[in-house]
Amino acid sequence: MARSLRFGLVGTGHWAQITHARALASTDGVEFAAVWGRNADAAADLAARYHVTAHRDLPEFLADVDAVAFAVPPDVQAPIAIRAARAGKHLLLEKPIAVTAAEADALADAVEQARVASVVFFTARFQDNVRAWEAEVTASGGWAGGCAVWLGSALQPGSPFNTPWRRDKGALWDLAPHVISLLWASLGPVRSVTARAGLADVTHLILRHDGGVTSTATVTLDALVGAEFSDLFLWGQAGRSAAPVQAPDLVTPLRTALAELAANARSGQVRHPCDARFGRDVVRVLADAERQISARPPAG
């Protein structure tokens, strides 16, 4: 039997606690071995709960593991992930992998040069029901377009996801990566984007895919709790097909992502549909959208 892959967790916040730590502790073929965080006390507390090692020193942490799972803001993730890749560690990354195209390029290049395995946790892409839907719609073809709406409430007071990086970067960088990933997988690679800002944190995107198909997306983190909503569908010759985007259980898809990363690491396979290269491609779309919005702020 192959040795379990030793994983370290970077991050100690709400997302790390409710999803990453639980998945790392319960995935076959994975050993949850270590925690490192910017808050040493929080890292010690989380490590104690799972009987793993808390590290204060990042190089010592990296030396103690085979792979690293990240649950930190993207601007924190990118430089640490580059160091981890150069140290030969396999990577379970959060989306977006970075908040600039340059950082995303540097991370993808580091993964490529080190020949390590990588997976970016675009949540829905690791749900069994979404994968079945993707297989169905790609097999049938004939789609003329797609439409996605995600009205999130993370910026409302009291939300555990109301964090500094989300207040700074908004739904474009937090929710749009999920939407772009799904539309990319079902309609083909995104070749260009047109972006406009609405009021507050509302962002509208028009995506142009290979072959001329277009899709649209509207995202916000500033919806009131009663207005929360998400939907994504394709339309075309076969009618309309809605993706099963709701994911009440987030640990199960993360277990799938971890298991696939571990399998690739053991076999020497460095490609995955949601690897760092794909994460970089999504960041390039986001960065172009951000550039357009910055150049044309909403009328007010």
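Tabulated data for the structure shown
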read-out: From the options 171, 185, residue that is farther than 20 Å from residue 291 by Cβ, part of a helix (DSSP H, G or I) and of a type in the set (A, V, I, L, M, F, W, C); value: 185
read-out: Qualifying residue in the stretch 223-245 (condition: out of contact with any strand residue (DSSP E or B) (no Cβ under 8 Å at 6 or more places or on another chain) and either basic (Lys, Arg) or open to solvent by less than 10 Å² (accessible area, probe 1.4 Å) (or both)); value: no
read-out: Positions within the stretch 136-152 being small (Gly, Ala, Ser), open to solvent by less than 40 Å² (accessible area, probe 1.4 Å) and modelled with pLDDT of 95 or more, in sequence order; value: 145, 146, 148, 152
read-out: Residues of the stretch 127-158 classified as more than 14 Å from residue 245 (Cα to Cα), touching a helix residue (DSSP H, G or I) at 6+ places or on another chain (Cβ under 9 Å) and either without any contact (Cβ under 8 Å) to a residue 12 or more places away in the chain or assigned to a loop (DSSP other than H, G, I, E, B) (or both), total; value: 4
read-out: Complete set of residues in the stretch 59-79 that are assigned to a helix (DSSP H, G or I) and open to solvent by 20 Å² or more (accessible area, probe 1.4 Å); value: 59, 60, 63, 75, 76, 79
read-out: The stretch 61-77 residues that are within 29 Å of residue 168 (Cα to Cα), paired with ones that are open to solvent by less than 30 Å² (accessible area, probe 1.4 Å) and part of a helix (DSSP H, G or I) (beta carbon under 7 Å, 6 or more apart); value: 68/84; 69/20; 69/24; 70/77; 70/81; 71/16; 71/20
read-out: Matching residues in the stretch 111-143 - criterion: being touching a Gly at 6+ places or on another chain (Cβ under 7 Å) and under 14 Å from residue 184 (Cβ atoms); value: 120, 143
read-out: Within the stretch 80-106, tally of residues that are part of a helix (DSSP H, G or I) and aliphatic (A, V, I, L, M); value: 9
read-out: Restricting the stretch 204-217 to residues that are open to solvent by less than 40 Å² (accessible area, probe 1.4 Å) and assigned to a strand (DSSP E or B), the residue that is farthest from residue 149 (Cα to Cα); value: 209
read-out: Residue in the stretch 112-134 that is under 15 Å from the mean Cα position of the chain (by Cα), closer than 19 Å to residue 229 by Cα and open to solvent by less than 10 Å² (accessible area, probe 1.4 Å) present; value: yes
read-out: From the options 242, 200, 295, 262, residue that is of a type in the set (Gly, Ala, Ser) and in contact (Cβ under 8 Å) with a residue 40 or more places away in the chain; value: 262
read-out: Which numbered condition residue 249 fails, given (1) out of contact with any Cys (no Cβ under 7 Å at 6 or more places or on another chain); (2) open to solvent by less than 50 Å² (accessible area, probe 1.4 Å); value: (2)
read-out: Inter-residue pairs, beta-carbon under 7 Å, first surrounded by 22 or more Cβ atoms within 10 Å (Cβ to Cβ) and in the stretch 266-281, second among the acidic types (Asp, Glu), 6+ apart; value: 280/105
read-out: Residue that is surrounded by the fewest Cβ atoms within 10 Å (Cβ to Cβ) [pool: residues in the stretch 24-48 that are in contact with a strand residue (DSSP E or B) (Cβ under 8 Å, 6 or more places away or on another chain), in a helix (DSSP H, G or I) and of a type in the set (Gly, Ala, Ser)]; value: 48
read-out: Residue list for the stretch 241-259, filter: outside any helix (DSSP H, G or I) and polar (S, T, N, Q); value: 241, 246
read-out: Failed item in (1) open to solvent by 40 Å² or more (accessible area, probe 1.4 Å); (2) outside any helix (DSSP H, G or I); (3) under 20 Å from residue 291 (Cβ atoms), with residue 193 passing the rest; value: (1)
read-out: Index of the failed condition, residue 262 passing every other in (1) out of contact with any Gly (no Cβ under 8 Å at 6 or more places or on another chain); (2) surrounded by 13 or more Cβ atoms within 10 Å (Cβ to Cβ); (3) not in a loop (DSSP other than H, G, I, E, B); value: (1)
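The values are calculated or read from the model by the stated rules, or taken from the named source; none is laboratory data. Keep in mind that this is a model prediction, so the values were computed, not measured. In this analysis, Cβ positions are derived from the backbone assuming ideal geometry, glycine residues included, and neighbour counts consider all displayed protein chains. Quick note on the areas: whole protein, heavy atoms, side chains included, nothing else; ligands and nucleic acids left out. Shrake-Rupley method; radii C 1.70, N 1.55, O 1.52, S 1.80 Å.
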